[in-house]
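The values are calculated or read from the model by the stated rules, or taken from the named source; none is laboratory data. Everything numeric here is computed off the predicted structure, so don't read it as measured data. Glycine also receives a Cβ, built like all others from the backbone with ideal geometry; neighbour counts cover every protein chain displayed. Calculation scope for accessible area: heavy atoms of the full protein, side chains included, ligands and nucleic acids excluded. Shrake-Rupley method; radii C 1.70, N 1.55, O 1.52, S 1.80 Å.
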Amino acid sequence: MSHHESNSMTLTLHVWRQSGLNDKGKFDVYEAKDVSPDQSFLEMLDVVNEELIKAGKDPIAFDHDCREGICGMCSQVINGVPHGGQDRTTVCQLHMRTFKNGDTIFIEPWRATAFPIVKDLVVDRAALDTIIQAGGYTACHTGGVADGNAILVPKDIADYAMDAAECIGCGACAASCPNGSAMLFTSAKVAQLAVLPQGKAEAATRVKAMTEALKECGFGNCSNHYECEAACPKGINVKFIAKLNREFQKSLFE
Ligand code: SF4
Ligand code: FES
């Protein structure tokens with residue numbers, strides 16, 4: 001038996017198909033044959049789609065871009081868990097070796113009020129952009145590129161900001177939250193800027209504007225389920241939510 005034959009898997013996929021926002025949607029069943037353990041989840045779907053196209057059928061629509069875990073585009077709930085439940089792993093970095101021959105896999109889009117379904121597994125995550133546009137930036141003039149050590153940032157602060165900056169804006173936090181809250185995302189952005197000298201100047205207006213946008217976009221409130229941290233492919237810590245809350249309290253006095 002060749003290496004390929006001995007390792008290849010056949011899987012049964014239950015995939016959410018929905019032609020648009022006003023369609024009810026339903027699961028359709030597909031067989032994925034000759035799946036290599038070395039394929040990524042998206043490569044496995046690519047092959048399924050090639051077969052669908054060859055058969056004259058509508059391929060499964062799904063979002064993706066970098067396929068290396070940095071862009072935050074891939075948004076699939078696999079067996080009930082956003083990104084499939086492997087530690088710090090996006091859908092594009094999920095490998096088929098984590099499944100077994102004969103497995104049945106359920107594949108759904110992000111489900112959150114603020115993320116309307118576009119088609120099949122594709123949702124509209126523009127609400128996350130709206131939150132960033134509300135304050136996830138520094139507007140004050142920072143001048144030209146300064147010398148590396150002209151603005152001193154202690155190592156622990158730099159590390160804290162970098163940990164927050166790891167958020168790739170995928171939206172899995174909202175998709176995993178029973179309240180559909182994007183608090184983890186918003187808190188990472190608020191915390192990252194609030195601790196750095198360049199971001200401090202606008203910290204109060206930023207946290208007010210971003211939490212206001214969060215509400216307006218239809219995201220729910222955080223009630224400490226911590227599902228977000230468990231689903232986050234970048235390991236964003238819920239301590240940033242506590243930081244957002246502290247920044248919000250402080251902003252009320254400014
Ligand atoms: S906090 Fe994590 S789950 Fe939420 S958008 Fe950022 S990377 Fe994705
Ligand atoms: S496709 Fe970019 S993070 Fe998955």
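Just wondering, is there one or more residues in segment 137-156 that are within 15 Å of the chain's Cα centre (by Cα) and among the β-branched types (Val, Ile, Thr)? The answer is no; no qualifying residue exists. Of the residues making up segment 73-98, those that are surrounded by 22 or more Cβ atoms within 10 Å (Cβ to Cβ) and assigned to a loop (DSSP other than H, G, I, E, B) number 4.
Every test in (1) over 19 Å from the mean Cα position of the chain (by Cα); (2) among the β-branched types (Val, Ile, Thr); (3) buried (at least 17 other Cβ atoms within 10 Å of the Cβ) is passed by ILE236 save one, and that test is (1). TRP110 passes every criterion in (1) under 30 Å from GLN198 (Cα atoms); (2) at pLDDT 95 or above apart from (1). Just a yes or no: is a residue in segment 24-43 loosely packed, with under 12 Cβ neighbours inside 10 Å and within 16 Å of ligand 1 (Cβ to nearest atom)? So far as segment 24-43 goes, no, none of its residues is loosely packed, with under 12 Cβ neighbours inside 10 Å and within 16 Å of ligand 1 (Cβ to nearest atom).
Looking at VAL47, is it more than 16 Å from ligand 2 (Cβ to nearest atom), more than 16 Å from ILE168 (Cα to Cα) and touching a Lys or Arg at 6+ places or on another chain (Cβ under 9 Å)?
yes
The set of residues from segment 202-235 being among the charged types (D, E, K, R) and either in contact (Cβ under 8 Å) with a residue 12 or more places away in the chain or not in a helix (DSSP H, G or I) (or both) comprises GLU202, ARG206, LYS208, GLU212, GLU216, GLU227, GLU229, LYS234.
Look through segment 168-179, keep the residues that are in a loop (DSSP other than H, G, I, E, B), within 16 Å of ligand 2 (Cβ to nearest atom) and touching a Cys at 6+ places or on another chain (Cβ under 8 Å), and return whichever of them is most open to solvent (accessible area, probe 1.4 Å).
Only one residue fits best here, namely ILE168.
ASP147 fulfils the conditions (1) among the charged types (D, E, K, R); (2) part of a helix (DSSP H, G or I); (3) farther than 19 Å from PHE248 by Cβ except for a single criterion, (2). Candidates in segment 63-117 are the residues that are over 16 Å from ILE168 (Cβ atoms) and among the basic types (Lys, Arg); of these, the one that is nearest to ligand 1 (Cβ to nearest atom) is ARG111.
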